[in-house]
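The values are calculated or read from the model by the stated rules, or taken from the named source; none is laboratory data. A quick note: this is a predicted structure, and the numbers were derived from the prediction, not measured. Glycine gets a Cβ as well: all are built from the backbone with ideal geometry, and neighbour counts include every protein chain shown.
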Amino acid sequence: MSSSSVPLIQTYAGRLPAHVVSGQEAQIIPYPNSRAPAPPPVEVVKATLGRPKLRFDFLGKFGATVFPTLLMLITLLAIWEISCSSEGVSFPSPSRVWSESHDVIVHPLKGVSIDSSGLHIAENGDVGIAGHIITSLKRVALGYGLSAIVGIALGILIGQSLFSYRALDPLFQVLRTVPPLAWLPISLSIFQDAGPSAVFLIFITAIWPVILNTAAGVQTIPNTYRNVAKVLALNPFEYFVRVMLPATVPHMFTGLRIGIGMSWLAIVAAEMVQGGTGIGFFIWDSYNSSLLTDTIVALIWIGMVGFSLDRIVAFIGRRVARQA
Amino acid sequence: MKHRSFLALEGINVAFPTKTGPFVAVEEVDLSIEKGQFVALIGHSGCGKSTLLNVIAGLQKPTRGVVFLDGDVIEKPGPDRAVIFQDHSLLPWLTVEENVRLAVDKTAQGKTRAERRDWVMHNLELVQMAHAAAKRPGELSGGMKQRVGIARAIAMSPRVLLMDEPFGALDALTRASLQDAVMALQAQLNNTVVMITHDVDEAVLLADRVVMMTNGPAATIGEDLTIDLPRPRDRIEATEIPAYNHARHEILHFLHQRHSNPLDRAA
């Protein structure tokens, strides 16, 4: 019991030794050297050892994100290969796809030529898969471009005016549930021609998310921004350019991103009418010719291109949002 | 004709329609403010002080009553009544300079581009934010954003400066340094200011006059206290001046004894 030799005093904080309690009067003690001049700068020796390690870190990080994807891919291919390689299974295995559709896989650019006057795609239909993709992308560009312009305009209209919102929103809500293929007969009867009706099909599929997201963006502009605009007495044009557009850009691009995905979904339906060219036609054609392996290759291409389109629109959206 | 103050609220009533009939937020408010006066409006949450400020700003139409500014009836919002919002309300897609510039472009008609640019920078310097002119609001701290908000408002050379709980969202230390900045600005510019607050110390330190509001619904002015303290005021020295402590006590008494927080009473 050696500690009991220190006398303890009862305080608010409990029983404490006398020397702790004795400092009754609070006193501000200046921090030593608080006004002293800064110490002379120490010469910094640049280390050169860090670099290689950094590169390993980068590779490690890259590997950590890509490795699971690669592993999944290989596992999936292995399961597919094993389950489809036994006798009597009609669905082609990956190795059969590779051997039977070899030409389609390794010569995607057949019939596509580039010269000084631009890109040319052979007219006779004997075109590699990349050629079909390019044809489809042109149609999507037209249909999607139109839906972006019209969709944003309509979205701003119904977002800004409660009257037009009440008038048009029910119509849009009903029409947006109509599947792309259902528009096909209507589209054909309106345009009497396969080309424009394919573009219309893409347009009518992609426009709804653009309209509805833009409208939601306009409606959810924070009240404080509106108040700022009122206090500054911005005129309608200034309000549109300086406040509404920049505030709506993120929503707009959400709609545009969903829209590009849907327009790519509609392309197969659109090109079943179009005939002759395009990735949709290619799938239809390979199905009619019982070339299932070609269809599989086309599916992979469609998936990759759709993924890229989505990423491109997302990238543009981020850039515009930063500029706005 | 009777004399009318620079800013005069006469018989202001504000009611909002609800399902169960109109909700009267503010009732029979008469308030006269002289030019160059700094008035703090204080009261518990929901007492209609923001509503009153919005009426002066023109953002809210009174159900009954009129607001006169320098003899003109206020009917709609305008840049002659700059508002400093609690959440600073800077546009995040514009830089600090562009945010102030937007306000200057609307108010500095007839000035050249160079003059406007100089005016923007001058006002940013007044709030010590010139160094951040090229930054976007997202890169700034809360206190810095509010400094820019103040710069935007004073750059409009308003006839009345309206502050809606300007420092409510800031931490205590930042708030103190912004209060000092506002006092320094006021010493230079001598604006007519209406500030909403629920901070008693802030009201006494900054204002020439503290207007206390009763609790809503149907809130009105309960007491009107003139703060007779010499300027410049110093937050540390002020605590030793009897008049400061007296004013503080008066307001605290009003807020906590006579018109205590309705939420506390309910609980």
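What the table shows:
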quantity: Odd one out for B:Ala103, checked against (1) more than 10 Å from chain A (Cβ to nearest Cβ); (2) surrounded by 18 or more Cβ atoms within 10 Å (Cβ to Cβ); (3) not in a loop (DSSP other than H, G, I, E, B); calculated: (1)
quantity: Criterion (among the basic types (Lys, Arg) and within 19 Å of B:Arg81 (Cβ to Cβ)) met by exactly one of B:Lys49, B:Lys19; calculated: B:Lys49
quantity: Condition check for B:Thr95: farther than 17 Å from B:Leu7 by Cα, among the polar types (S, T, N, Q) and more than 14 Å from every other protein chain (Cβ to nearest Cβ); calculated: no
quantity: Filter pass, A:Phe315 being of a type in the set (Phe, Trp, Tyr), more than 30 Å from B:Thr95 (Cβ to Cβ) and either free of Cβ contacts under 8 Å to residues at least 40 places away in the same chain or in contact with a Leu (Cβ under 6 Å, 6 or more places away or on another chain) (or both); calculated: no
quantity: Residue within the range B:73-86 that is surrounded by fewer than 20 Cβ atoms within 10 Å (Cβ to Cβ) and of a type in the set (Gly, Ala, Ser) present; calculated: no
quantity: Restricting the range A:212-224 to residues that are of a type outside the set (Gly, Ala, Ser) and within 30 Å of A:Val268 (Cα to Cα), the residue that is nearest to the other protein chains (Cβ to nearest Cβ); calculated: A:Thr214
quantity: Yes/no for B:Gly21 being more than 11 Å from chain A (Cβ to nearest Cβ), within 26 Å of B:Ala218 (Cα to Cα) and buried (at least 18 other Cβ atoms within 10 Å of the Cβ); calculated: no
quantity: Tally, over the range A:228-242, of residues that are closer than 26 Å to A:Phe172 by Cα and either among the polar types (S, T, N, Q) or within 9 Å of chain B (Cβ to nearest Cβ) (or both); calculated: 0
quantity: In the range B:106-121, residue modelled with the lowest pLDDT [restricted to those that are basic (Lys, Arg) and in a helix (DSSP H, G or I)]; calculated: B:Lys106
quantity: Only one of A:Pro246, A:Pro209 that is part of a helix (DSSP H, G or I), within 14 Å of chain B (Cβ to nearest Cβ) and not polar (S, T, N, Q); calculated: A:Pro246
quantity: Residue that is nearest to the other protein chains (Cβ to nearest Cβ), among those in the range A:272-312 that are touching a residue at least 60 places away in the same chain (Cβ under 8 Å) and assigned to a loop (DSSP other than H, G, I, E, B); calculated: A:Gly278
quantity: Selection count where residues are within 12 Å of chain A (Cβ to nearest Cβ) and on the phi < 0 side of the Ramachandran plot, scope the range B:54-74; calculated: 5
quantity: Some residue of the range B:12-29 being under 23 Å from B:Val182 (Cβ atoms), assigned to a strand (DSSP E or B) and touching a residue at least 12 places away in the same chain (Cβ under 8 Å); calculated: no
quantity: Single unsatisfied condition, B:Gly78 versus (1) facing chain A (nearest Cβ under 9 Å); (2) among the small types (Gly, Ala, Ser); (3) touching a Lys or Arg at 6+ places or on another chain (Cβ under 8 Å); (4) farther than 21 Å from B:Leu170 by Cβ; calculated: (3)
quantity: Subset of the range B:184-239 [touching a residue at least 60 places away in the same chain (Cβ under 8 Å) and either basic (Lys, Arg) or outside the structural domain of B:Leu53 (by TED's automatic domain parsing) (or both)]; calculated: B:Arg209
quantity: Residues that are under 22 Å from the mean Cα position of the chain (by Cα), part of a loop (DSSP other than H, G, I, E, B) and more than 7 Å from chain A (Cβ to nearest Cβ), drawn from the range B:83-92; calculated: B:Gln86, B:His88, B:Leu90
quantity: Candidate set from the range A:179-234 (those that are in contact with a helix residue (DSSP H, G or I) (Cβ under 6 Å, 6 or more places away or on another chain) and of a type in the set (Phe, Trp, Tyr)); member that is farthest from B:Lys76 (Cα to Cα); calculated: A:Phe191
quantity: Counted residues, the range A:142-174 - those being loosely packed, with under 14 Cβ neighbours inside 10 Å and within 25 Å of the chain's Cα centre (by Cα); calculated: 3
quantity: Failed criterion for B:Gln37 (all others in (1) facing chain A (nearest Cβ under 9 Å); (2) closer than 15 Å to B:Ala8 by Cβ; (3) not charged (D, E, K, R) hold); calculated: (1)
quantity: Helices (runs of 4 or more DSSP H) enclosed by the range A:63-161 - at least 1 residues per element that are modelled with pLDDT of 90 or more; calculated: A:129-160
quantity: Sole residue being among the aliphatic types (A, V, I, L, M), in contact (Cβ under 8 Å) with a residue 40 or more places away in the chain and under 17 Å from A:Gly195 (Cα atoms), chosen from A:Val140, A:Val127; calculated: A:Val140
quantity: Answer from A:Ala233, A:Ala215, A:Ala194, A:Ala182 - the residue that is within 30 Å of B:Gln109 (Cβ to Cβ) and not acidic (Asp, Glu); calculated: A:Ala233
quantity: Residues being exposed (fewer than 10 other Cβ atoms within 10 Å of the Cβ) and under 30 Å from A:Ile134 (Cβ atoms) - total across the range A:65-120; calculated: 6
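Yes or no, residue by residue, for (1) within 14 Å of chain B (Cβ to nearest Cβ); (2) free of Cβ contacts under 8 Å to residues at least 24 places away in the same chain; (3) in a helix (DSSP H, G or I); (4) aliphatic (A, V, I, L, M):
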| site | (1), (2), (3), (4) |
| --- | --- |
| A:Arg226 | yes, yes, yes, no |
| A:Pro250 | yes, no, yes, no |
| A:Leu256 | no, no, yes, yes |
| A:Trp264 | no, no, yes, no |
| A:Ala269 | no, no, yes, yes |
